[in-house]
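Chemist: Can you read through this structure? Questions will come right after.
Where a number appears in this text, it was derived from the coordinates with a stated rule and is not lab data. Please read these numbers as outputs of a predicted model, since none were measured by experiment.
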């Protein structure tokens, strides 16, 4: 019976410790964001899940084990928008850290942000997106965008004053 117990403990360790726990994480979680630009417009998605459910952001998600960050960006753009994109450049890094009412870390993401252009597909919001919209920089103020995206866009000079 001890082999069964050992197997269950090993399985638990793999599932719990090896896969990222989004809420109250044991360590920062690494992800990607993809700012997709088509002419003078940028693609926003309305988030379907927490953190920031119902707010507007850019397509993105977690990097899978063994996956290069740039490949994760390509995959996430396709999964969330049905668009095949080409990465133009890495724009920077965003730290998204949120605390609960008791001061504990509720979310801690380190997000590598990429700029991309669409090269194929027809834009359609998918699994993690409730909606999607192409917006100009001036229209950004009309959308309730996430705090981390707002800070990032200001940092790189894209958010209009």
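Chemist: Got the relative contact order for the chain handy, in percent, Cα pairs under 8 Å and 6 or more residues apart?
Modeler: After rounding, I find 28 percent.
Chemist: In Å and whole numbers, how far do the C-alpha atoms of the chain stretch along each principal axis, longest first?
Modeler: The Cα atoms of the chain stretch 64, 39, 26 Å along the principal axes, largest first.
Chemist: What is the Å³ per residue value for the convex hull set by the Cα atoms of region 35-90?
Modeler: 93 Å³
Chemist: How much mean residue ellipticity at 222 nm does the chain get from its helices, if each DSSP H run of length 4 or more adds -39500 (n - 2.57) and you divide by all residues, to the nearest 500 deg cm²/dmol?
Modeler: Theoretical 222 nm ellipticity from helices: -6000 deg cm²/dmol.
Chemist: Sticking with this structure for a sec: Taking every DSSP beta bridge with both residues inside region 2-155, roughly what % is antiparallel (nearest 5)?
Modeler: Taking every DSSP beta bridge with both residues in region 2-155, the antiparallel ones total about 75 percent.
Chemist: Given the Cα-Cα distance of residue 40 and residue 123 and 0.36 nm per residue of separation, how much length would full extension add, in nm?
Modeler: 28.2 nm is the gain from fully extending residue 40 to residue 123.
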